[in-house]
Amino acid sequence: MKAVVVQTYGGPEVLTLVDIPVPHTGAGQLRIRVHAAAVNPADRMFRAGDLQAILTPEVPRPLRPGMDLAGVIDEVGDDADTDLTRGDHVMAMVNPIDTSGGAYAEYVVLPAQQVARAPAGVDHVHAATLPMSGLTALRALDVVGLPPGSWVAVTGAAGAVGGYAVQLARADGLRVIADASPNDAQLVRDLGADIVVERGDDVAQRIRQALPQGVDAAVDAAVLGWQIEPAIRPDGQLAAVRRAGQPGVAPLSGRADLVVRDVWVPDYQFANDKLSHLGALAEQGRISLRVAEVFDASRATDAHHKLDAGGVRGRLVLTF
């Protein structure tokens with residue numbers, strides 16, 4: 001089968017399309033003929049070697065990035081606890097440091113609990129944009145657990161995780177203040193933000209000007225760290241979508257009256273009920289599946305160059 005792999009760490013040019021053996025299901029597993037795999041910032045970290053310290057000998061070699069896939073079930077293992085069958089259109093969040101390897105391949109074998117039915121009427125390319133980013137945003141809102149009517153700030157609201165956070169917050173009855181560049185302000189309003197402020201180093205001050213009492217929580221999809229903290233009221237919450245100390249993550253101040261909630265999306269890796277919930281919201285039009293550009297898998301290097309350049313609105317997607 002065709003797969004995009006990393007045989008040496010580095011920039012986008014290290015991504016190579018190769019032929020590797022087709023995997024087969026074991027007990028409790030499903031094999032998916034992958035038609036689309038989204039490109040995520042985490043794939044860049046994997047490609048660059050930032051995750052090398054946590055790779056185990058069980059991770060398939062050559063290493064394969066990719067955290068999102070959509071495709072069709074073509075093999076069902078014995079004792080798979082699922083109502084999914086061969087021919088069903090599905091989606092899944094994949095952890096490339098697991099024995100499954102990453103999503104950049106024609107076939108991926110996963111535990112049944114990791115796989116959910118794709119939204120009805122949605123093509124593979126759009127379905128592939130939902131799992132990892134959608135589950136990250138959902139986990140962020142779940143860990144802060146705000147009651148309806150609360151105010152939540154979302155940073156990076158024009159991006160994939162931030163955009164889902166805005167829409168999911170509105171679906172939960174929350175009020176949303178979000179940041180955006182002038183070029184993205186209308187996009188973020190269309191996603192459902194009640195108030196949009198200009199992004200930048202002083203975004204917390206602009207949020208406080210709009211809401212002097214401060215917000216009840218912030219979903220920090222832009223990983224601003226300490227810069228967003230002043231926007232949060234005393235005893236409010238900060239949902240940190242990437243952990244302090246990771247590359248590119250701003251530190252926190254250690255503020256005593258702030259509750260910091262780590263958002264660890266692998267907590268939802270086997271929660272296909274959560275992924276099914278996201279699929280239902282997509283079917284209802286309550287969250288949007290945004291595709292920026294589609295690349296054949298042979299052009300994975302081009303897709304990663306575009307990712308590294310920044311400013312992408314929606315997901316880049318590889319097709320197999």
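Using the structure shown, decide if A127 is of a type in the set (A, V, I, L, M, F, W, C), closer than 21 Å to L69 by Cβ and surrounded by 24 or more Cβ atoms within 10 Å (Cβ to Cβ). Here the answer is yes, as A127 does meet what is asked. Out of all the residues in the stretch 141-155, is one or more open to solvent by 40 Å² or more (accessible area, probe 1.4 Å), assigned to a strand (DSSP E or B) and over 30 Å from D81 (Cα atoms)? So far as the stretch 141-155 goes, no, none of its residues is open to solvent by 40 Å² or more (accessible area, probe 1.4 Å), assigned to a strand (DSSP E or B) and over 30 Å from D81 (Cα atoms). Inside the stretch 119-143, residues that are among the β-branched types (V, I, T) and without any contact (Cβ under 8 Å) to a residue 40 or more places away in the chain make up a count of 0. The residue of the stretch 83-112 that is nearest to the chain's Cα centre (by Cα), among those that are among the polar types (S, T, N, Q) and surrounded by fewer than 19 Cβ atoms within 10 Å (Cβ to Cβ), is T99. For the stretch 61-95, which residues satisfy the criterion of being in contact with an Asp or Glu (Cβ under 9 Å, 6 or more places away or on another chain) and either more than 14 Å from A116 (Cα to Cα) or not in a strand (DSSP E or B) (or both)? Once the filter is applied, which keeps residues that are in contact with an Asp or Glu (Cβ under 9 Å, 6 or more places away or on another chain) and either more than 14 Å from A116 (Cα to Cα) or not in a strand (DSSP E or B) (or both), the stretch 61-95 yields P65, G66, M67, R86, G87, V94. The residues listed here are S288, S298; of these, the one that is in contact (Cβ under 8 Å) with a residue 40 or more places away in the chain, of a type outside the set (A, V, I, L, M) and in a loop (DSSP other than H, G, I, E, B) is S288.
Which residues, counting only those in the stretch 33-60, are over 26 Å from V122 (Cα atoms), assigned to a loop (DSSP other than H, G, I, E, B) and not acidic (D, E)? Hits for the stretch 33-60 are G49, L51, L55, T56, P57, V59, P60. Only a single item in (1) under 15 Å from G279 (Cα atoms); (2) in contact with a Ser or Thr (Cβ under 6 Å, 6 or more places away or on another chain) is not met by A70, and it is number (2). Quick one: would you say A42 is within 17 Å of the chain's Cα centre (by Cα), open to solvent by less than 10 Å² (accessible area, probe 1.4 Å) and in contact (Cβ under 8 Å) with a residue 40 or more places away in the chain? So A42 does not fit the description; no. Are any of the residues in the stretch 1-10 touching a residue at least 40 places away in the same chain (Cβ under 8 Å), buried (at least 16 other Cβ atoms within 10 Å of the Cβ), polar (S, T, N, Q) and in a loop (DSSP other than H, G, I, E, B)? No, because not a single residue in the stretch 1-10 is touching a residue at least 40 places away in the same chain (Cβ under 8 Å), buried (at least 16 other Cβ atoms within 10 Å of the Cβ), polar (S, T, N, Q) and in a loop (DSSP other than H, G, I, E, B).
Would you check if R206 is farther than 29 Å from Q113 by Cβ, touching a strand residue (DSSP E or B) at 6+ places or on another chain (Cβ under 7 Å) and part of a helix (DSSP H, G or I)? For R206, the condition - farther than 29 Å from Q113 by Cβ, touching a strand residue (DSSP E or B) at 6+ places or on another chain (Cβ under 7 Å) and part of a helix (DSSP H, G or I) - is met. Yes or no: A103 among the hydrophobic types (A, V, I, L, M, F, W, C), part of a loop (DSSP other than H, G, I, E, B) and within 19 Å of K2 (Cβ to Cβ)? For A103, the condition - among the hydrophobic types (A, V, I, L, M, F, W, C), part of a loop (DSSP other than H, G, I, E, B) and within 19 Å of K2 (Cβ to Cβ) - is met. Scanning the stretch 11-32 for residues that are open to solvent by less than 40 Å² (accessible area, probe 1.4 Å) and assigned to a strand (DSSP E or B) yields L15, V18, L30, R31, I32. Being outside any loop (DSSP other than H, G, I, E, B), farther than 22 Å from V161 by Cα, in contact with a Leu (Cβ under 8 Å, 6 or more places away or on another chain) and at pLDDT 95 or above is a property that holds for V108. Criterion first (surrounded by fewer than 18 Cβ atoms within 10 Å (Cβ to Cβ), β-branched (V, I, T) and in contact with an Asp or Glu (Cβ under 8 Å, 6 or more places away or on another chain)) does V259 satisfy it? Yes: the conditions hold for V259.
The values are calculated or read from the model by the stated rules, or taken from the named source; none is laboratory data. Note that the structure is a prediction, hence the values are computed from the model and not measured. All Cβ positions, glycine included, derive from the backbone under ideal geometry; neighbour counts span all protein chains shown. Remember, those area values only see protein heavy atoms, side chains included, never the ligands or the DNA or RNA. Shrake-Rupley method; radii C 1.70, N 1.55, O 1.52, S 1.80 Å.
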